[in-house]
Amino acid sequence: MGKKNAIVPLVPDQIPLVEEMKEASADSGADSGADSGAAPPKKKHWLLNPHIKVRWPIVRIMCTLFIIVCDFFIYGEDPIQDSLSEANLPFVGDVVTMTISKWPLDSSYAFLKGFLVFLFVVMGCIFSRQVCHRMVLQRCCKLTMFEEDRGTWFVMTAGSLLFIFIASTLYNSIVPANEPKMSGALGISNQAFGQYAQFGTWLGDLATVVMVWDGIWQDYSVYPDSCKRWKDVWNKACGGWFRVVVVWLVSLSTTICIGIAIYAVEDSISWTEVNPLSNYIYTNEISRIILVSLIVFVDLLIVFQDWMFPTFDEAEVMIAGTFSANFSCACLHRCVEKLKENKCVAYLRNTRFFDIKITGKWISYGPLIVIIGLDFNMLKNQVLYEPKNFGQYIGPDDRIWTVRDPTFLKLAYNEGILRPEFEPLLVYAVRQTPALTSWNYSLWNQTASPADQKSHSKWINADIVAKAVAIVPACLFLLSFFVLTKFANRHTEGQTEDQRQDAHAKGNRAHTELKKANDNDKGASENGSKNQDVSLAVASGDEAVGVGVGVGEGEGEGEGEGEGARQKPKGKGKGKGQKKNNK
C-alpha cells in the first residue's frame, strides 16, 4: 500500500461577509433567547452606542475634512506666522536647545549635557510608565483606554520631555556664564517655526484621516450595510494590496504638495493674495480665539466619535497602509533576557518594561492629542499677542504690518525679546515715512529698510476680559471631554475584558474571514501549478464513476465508487481506483 495522503478540499466560493455576520448575529440572538431565565440585554448607553448620529460614518468623514480646512485657515490668519523675529517659546525652546542645538565647544560640558539628557530621558520613561501610567491613569483614574500597555508610548514621551526640561534647568545652574545657556530662544524665526508646526500638524491630521477612513471602510459589523460594494473593493481587490497601495500613494502625494505649499510658496505668495475673502472678511484676536476654540472642539469630537470610545479595545482592524493591527517590537526585551540573572533583570522580565507596542487607535489619536496641545499654545499666543513683541505694528485701519528688515530685527530683539529703546520705532508713522526711516537708519549706517508687509489680519487691542471670555469655550470643551470620558468609562467598569471584546467580535470574525479568503485565493493560484492527486474509481456493476481531487503526493489503490473531493474512494461493486501523482 502506498503512502496515505490527506485529501484537501477545493477552495470554496467566498461567502459574502455581510450575510455571514447577519446569520451569526441571528444565531447569537437565538442562543441568548433560549435561556428562559436570562434577563433581556440592557440598552447600551448613548455614550457607548456607536449608532448615534454623531458617530455615523459620513459625520466622522466630514469632521476629519473640516479640521484640515480649519487648521490651514487659522495658519493663514495667525499674524505670528508672518513674523521674522526670533522665536522664543519657553519649555519648547528649552527642550529643543537641550537636545539639538547650543552644544558647547568644551568637550567636558558637551559630555555633561549628553549624560544629563540620557539620564533624564530614562528617568522620565520610568517615572511616567510606573507612576503616571500605572498608578494614576490605571489604578486611580481607572481609565480602560490605558489598561495593560495601552498609551504607554504617549505617556512616556510626554514624561521624557518634562524631564528634559528639568535637565536643562539643572544644566544651566552647573555651567559657567561664558557657556551657552538653554533657553526658549530657538534660533529660527517665528515664520520658520510656524512652517514646521504647520507641517507637523498636517502629518497629524493625515494620520487621523487615513486611520479613520480606513477603519470605517474595513467595518463589516457596526455599519454592515454602508457602502458594501466599496468595502469589498477596498478590502479584497488585488488580495488586499489595493488598500495598502492607495493609502501610501495618497499620503505621499498630498504630503509633497502640502510641503511645497508651506515652504516653497510661502515666501512668494501671501495669504492675502490667495484668500478669496480677503476683501470682505477680516479676523482679529477675538475671532481667532473663537476659531481655535472651534478647532479644539472638533479635535475632541473626532476622538469621541470612535466606535470603541472610551475603552478603545483592539479589534481586528488593520493599521492604514499595512496588514497588521498594531506595531510591536520586543527586541529590547530579548536583549534583557540574555543578561545575567539577578533581581533587577528578573523584575524587568516580569514587567516587560522594554516591550514596545503601539495600537492602531493610538496611532490615530495620539498625534491628534499633540495637535490639541499646539492648539492651546496658539490660544495662549492669541491672548498674549502684541504686535511689538513680534516685529510688527498697526496701521490706521487696524491691519497688522510686519517688519521685513533682518538688520533692524537683529538690533531691536535679543533672543526674540524686544529691547525697550527700539519700541518707539515700531510705529506706523515712523516705518512708513521715508525721511524718518532714512534718518533712523543713518544712526546704524544703513540704507532705507525694505518695504514692510501688510497682513490680512487685524489687531483691535481688545480688553483682557473679552479675551478671557473668548477662551472659555475651549476650556469647557476640554473639561467636558474629560467628564464624558470618565462617565462613559464608569459604564464599562463592571464589564470584563471578554465582555467588552465581545461587543466587537462580529467585526473581528469578518476581518478574520476576509484574511482567510485572501490567503485561500493566493493558495489556490499557487497550488494550481503544483502537484495534484487524481483519484478515479470505476464501478463495473452500477457503471458509476467518482472523481476526487486533492493536493499531495503518493500512490494508492482503492475500490468502489468515489463520493467526492473530501473522501477517499470506496466502493460497492467491483472496481479499482488509482491515485496518480501528476507533476
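The values are calculated or read from the model by the stated rules, or taken from the named source; none is laboratory data. Not measured: the values here are computed from a predicted model. All Cβ positions, glycine included, derive from the backbone under ideal geometry; neighbour counts span all protein chains shown. Just the protein is used for accessible areas: all its heavy atoms, side chains included, with ligands, DNA and RNA removed. Shrake-Rupley method; radii C 1.70, N 1.55, O 1.52, S 1.80 Å.
Per-residue surface analysis assigns residue 476 an accessible area of about 90 Å², computed on protein heavy atoms at 1.4 Å probe radius.
Of the listed peptides 219-227, 460-468, 82-90, what is their order by residue-averaged count of other C-beta atoms within 10 Å, with the highest listed first?
Working: 219-227: 17.9, 460-468: 11.8, 82-90: 21.7.
The peptides rank, most packed first, as 82-90, 219-227, 460-468.
Cβ under 12 Å from residue 300's Cβ, residue 300 left aside: what net charge do those residues give with Lys, Arg +1 and Asp, Glu -1?
-3
Using the 1.4 Å probe convention, the accessible area of the range 127-262 works out to 45 Å² per residue with neighbouring protein chains retained.
Residues 64, 433 ordered from highest to lowest accessible area at a 1.4 Å probe: 433, 64.
Scalar couplings 3J(HN,Hα) for the range 175-192, obtained by applying the Karplus form with A = 6.51, B = -1.76, C = 1.60 to θ = phi - 60°, are 6, x, 5, 7, 8, x, 9, 7, 8, x, 5, 8, x, 10, 6, 4, 5, 5 Hz; x denotes Gly and Pro. Phi angles of the range 285-295 translate, via the Karplus equation with coefficients 6.51, -1.76, 1.60 and θ = phi - 60°, into HN-Hα couplings of 5, 5, 5, 5, 5, 5, 5, 5, 4, 5, 5 Hz per residue; Gly and Pro are given as x.
Please report the carbon-and-sulfur percent of the accessible area for the range 165-250; probe 1.4 Å, protein heavy atoms only, DNA, RNA and ligands left out. Walk me through the numbers on the way to the answer.
Numbers: 2660 of 3700 Å².
After summing per-atom areas, the C and S share lands at 72 percent.
Under a 1.4 angstrom probe, counting protein chains only, how are 111, 376, 323, 482 ranked by accessible area, largest first? Intermediate values should be presented prior to the final figure.
Numbers: 111 150, 376 55, 323 95, 482 120 Å².
Descending order: 111, 482, 323, 376.
Per-residue SASA remark: residue 490, around 140 Å² accessible (1.4 Å probe; ligands, DNA and RNA not included).
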